[in-house]
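What follows is calculated from the coordinates using simple rules that are stated; it is not laboratory data. From a predicted model like this one, the values you see are computed outputs, not experimental measurements. Cβ sites come from the backbone with ideal geometry, for glycine too, and all protein chains shown count toward neighbours.
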Ligand code: UT7
């Protein structure tokens, strides 16, 4: 009997501390009006707790989700964590998450695809379910962006926030779950969005710290141009090849980088604004966490059989769109 990989539970977590546009006005030369009109962001969350990292955000998203579903963490077969702010260079943050949640029977690994990380991980997790070997797969998107943001750089510090989201994937025999996806990457985009130092290209040194190379570097205008066309193109393409019209798509789940990019994607797909999930005003850009945090915030509105299109663009460059039928 054929089956798909379906999302059967959703979890999310954002830290308590709220960094408002007003507070940013006291830190860099910016203003609330500029941030709202250019990005749609009003506030973002920051993890301020000493000794806590991306794995803690993830564990706090996962544990209540499993508890709600009455699932023992020991039942989890695999954990895939999408992040660019792992607790360590190695081991993988997914390994640490497995330990923190008590997933003693799982294997686990990370995926680094920046803002597209969750979609890459969702596709990978779905294929693991479809293989028939794994029955319960956790797909997590988590980033503590505040660890790599320069709060003296107004080009980037107004954009990013911290957060985590997670989904549980299980086999579905009713035709719901992941139906199709288009995923892409283009490494020549690396100059425009990256964390220059800390890897093998520029290992950490006094010089790399003095030169502030351990922070996010983004050439916003260039990234905007690539994002706005590529996100819209793949979203439209995945609709077309599955015979979906704008009316038949129930929800667009877009990466929350910039409200203007989201609007352009929805327009290209011919979608009514009421179908577009938006929470950028509350969290800013949480990198790998934006898509699952959208699911978490809007879960109560989804109905079984709804057609969801996920759409994303991020550092790499990486981008993609995925078509999923909601399973509950
Ligand atoms: O998530 C991964 C993918 N990332 C994205 O998709 C991000 C894509 N890029 C963007 O969202 C936008 O490019 C930004 C929000 C980052 C910037 O918006 P923009 O409309 O492209 O602004 P800009 O960089 O072209 O700057 C316009 C002006 C400049 O001043 P001049 O040269 O016109 O005098 C900037 O210096 O706005 C100035 N500016 C600011 N002013 C107030 C730049 N940052 C700020 C700021 N506050 N925070």
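Here are a few things to note about the model shown:
- Percent antiparallel among DSSP beta bridges (both partners in the stretch 179-325, rounded to 5): 75
- Computed E for residue 154/residue 52 - FRET, C-beta separation, R0 30 angstrom, nearest 0.05: 0.70
- FRET efficiency, 1/(1 + (r/R0)^6) with R0 56 Å, evaluated for residue 248 and residue 23 via beta carbons: 0.85
- Counting other Cβ atoms within 10 Å as a rough exposure proxy, the listed residues 139, 234, 276 run 276, 234, 139 from fewest neighbours to most.
- Taking all Cα pairs closer than 8 Å and separated by 6 or more residues, the relative contact order of the stretch 1-82 comes to 34 percent.
- Modelled this way, with points 7 Å down the Cα-to-C-beta line, the labels at residue 133 and residue 214 are 3.8 nm from one another.
- The stretch 130-193, Cα convex hull volume normalised per residue, Å³: 151
- Using the alpha-carbon positions of the stretch 49-136, Rg (one decimal) and Dmax (whole number) come out as 12.7, 41 Å.
- For the stretch 4-174, fraction of C-alpha pairs farther apart than 31 Å, in %: 21
- Given R0 = 25 Å, the distance between the Cβ atoms of residue 300 and residue 263 translates into a calculated FRET efficiency of 0.55.
- Sorted fewest first by neighbouring Cβ atoms within 10 angstrom, 1, 269 come out as 1, 269.
- Counting other Cβ atoms within 10 Å as a rough exposure proxy, the listed residues 228, 140, 253 run 228, 253, 140 from fewest neighbours to most.
- Overall shape of the chain was characterised from the C-alpha gyration tensor. The equivalent ellipsoid obtained from it has semi-axes of 29, 24, 18 Å, in decreasing order.
- Centroid-to-centroid, using Cα positions, the stretch 251-298 and the stretch 178-192 are 18 Å apart.
- Our analysis of the stretch 165-289 gives Rg over Rh at 1.05, with the two radii drawn from alpha carbon positions and Rh computed by the Kirkwood formula.
- The DSSP beta bridges internal to the chain are antiparallel in roughly 70% of cases.
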